[in-house]
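Data first, discussion second: the structure below is written as structure tokens.
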Amino acid sequence: MDVFAQRLKQLREEKGLSQQALGEIIGVSKIAVYTYEKGKNYPEVRKFLALAEFFGVSLDYLAGWSDEREIRR
């Protein structure tokens, strides 16, 4: 499993959300969230941005390019 998939699942579980609930929040199906978490598919850019914003993490963290969760401003 790739870093994005692992982090997405971890963040979702930390919030206590089902795949269905997260999908509704960002406007995709439960199956889409499942495929993201299995590393079989990746969200389009708008959905990727929505995920980072919803979870309050940096894009770099979500993508696995950094271990810093915080958004630097």
| remark: The extension gain from GLU53 to SER29, computed as 0.36 nm times the residue separation minus the Cα-Cα distance, is 6.8 nm
| task | Note down the magnitude of the dipole of the chain about its Cα centre, charges +1 on Lys and Arg C-beta and -1 on Asp and Glu C-beta and zero elsewhere, to the nearest 20 debye. | result | 160
| remark: If R0 = 22 Å, then ARG46 and ALA21, at their Cβ-Cβ distance, give a FRET efficiency to the nearest 0.05 of 0.70
| field | Those aspartates and glutamates that a straight Cα-Cα span of less than 17 Å connects to LYS15, excepting residues fewer than 8 apart in one chain | value | GLU24, GLU37, GLU53, GLU70
| query | Per residue, how many Å² of accessible area does the chain show with a 1.4 Å probe? | reply | 65
| said: Can you give the FRET efficiency to the nearest 0.05 for GLU70 and ASP2, using r as the Cβ-Cβ distance and R₀ = 25 Å? | reply: 0.70
| request: Express the carbon and sulfur contribution to the solvent-accessible surface of the chain as a percent, rounded to the nearest whole number, probe 1.4 angstrom. | output: 48
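The values are calculated or read from the model by the stated rules, or taken from the named source; none is laboratory data. Note that the structure is predicted; figures quoted are calculated from it, not measured. Backbone-built Cβ (ideal geometry, glycine too); neighbour counts: all protein chains shown. These area figures cover heavy atoms from the full protein model, side chains too; ligands, DNA and RNA do not enter into them. Shrake-Rupley method; radii C 1.70, N 1.55, O 1.52, S 1.80 Å.
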